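Accompanying notes for the structure given below.
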Amino acid sequence: MINYWHNPRCSKSRAGLALLEENGAQIEVRKYLEDAPSADDLRAVLGKLGIEPIDMMRTGEKRFKELGLNKTSPADELINAMAENPILIERPLAIAGDKAAIGRPPENLLTLL
């Protein structure tokens, strides 16, 4: 089962979901803008991705700048910002067991199959 953090308004997110479906994946969709992940959820996914919080953020979002964040902001500050403002989470994001992938490009998601 793949837990898919999805934003239906995003073309990359829609493309990633379609790609997984075409490849027969069982998917549980989480509309993360409506059902925001907690800071602990984010830490768990970051561990599975093996990346730093800044690498899972949409730094070009207006909200990123409004919060005074930058690439050298402390990890906990970035994680808390994503938990409180899920628009800052890079999309799409998929989790399967002990692995996760960011779907940019969408083909990255195929590593979870």
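Based on the Cβ-Cβ distance from E22 to N70, what FRET efficiency comes out when R0 is 41 Å, to the nearest 0.05?
0.60
Computed over the Cα atoms, what is the radius of gyration of the chain divided by 2.2 N^0.38 Å, N being its residue count?
1.01
Output the 0 to 90 degree angle, nearest 10, between the alpha-carbon long axis of helix 75-84 and the longest principal axis computed from the alpha carbons of the chain.
Helix 75-84 sits at roughly 70 degrees to that axis.
Starting from the Cα of K65, draw a straight line to each of the lysines and keep only those under 24 Å, dropping any in the same chain fewer than 8 residues away.
Result set, ordered by chain and number: K12, K31.
Rounding to the nearest 10 and keeping the result within 0 to 90°, find how far the Cα-based axis of helix 39-49 lies from the longest principal axis of the chain.
60 degrees
May I ask what percent, to the nearest 5, of DSSP beta bridges between residues of region 2-112 are antiparallel?
Among the beta bridges of region 2-112, antiparallel pairing accounts for roughly 65 percent.
Any idea what angle helix 11-22 forms with the longest principal axis of the chain, computed on alpha-carbon atoms, 0 to 90 degrees, nearest 10?
30 degrees
Readers should treat all values here as calculations from the given coordinates under stated rules, not as data from a laboratory. Keep in mind it's a predicted model, so treat the numbers as computed, not measured. Glycine also receives a Cβ, built like all others from the backbone with ideal geometry; neighbour counts cover every protein chain displayed.
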